[in-house]
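Only one structure is covered here, and it is reproduced in the block below.
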């Protein structure tokens with residue numbers, strides 16, 4: 001069962017990476033990790049030291065800044081990822097001397 005879920009997870013990661021790119025995959029992975037930590041703290045009534053709380057808040061801030069930067073970057077430079085199309089070269093006609 002573990003191998004099946006692991007394979008499905010890898011397929012999901014590769015498809016996500018192919019469709020949305022590495023930055024979005026990194027953001028989703030970071031969000032999943034922080035939600036997992038927060039849920040674990042809440043469900044299992046675990047204590048949190050000051051440094052752990054600071055680290056968790058810092059992680060959340062970094063993710064929010066990445067999302068804001070990506071949103072503004074994509075909206076301000078809408079054509080930045082489009083590659084220019086190559087222009088067809090005119091065909092030269094050779095004249096044969098007779």
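Values quoted throughout were computed directly from the atomic coordinates according to the rules given, and no laboratory measurement underlies them. As the structure is a prediction and not an experimental result, all values here were calculated from the model. Neighbour counts run over all protein chains shown; Cβ positions are idealised from the backbone, glycine included.
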So what does log10 I(q)/I(0) come out to for the range 21-76 at q = 0.26 Å⁻¹, using the Debye formula with one equal point on every Cα and no solvent?
-1.04
For a footprinting-style exposure proxy, rank 3, 57 by other Cβ within 10 Å, fewest first.
3, 57
Estimated inter-spin distance, residue 18 and residue 3, nm [label 7 Å along Cα→Cβ]:
2.3
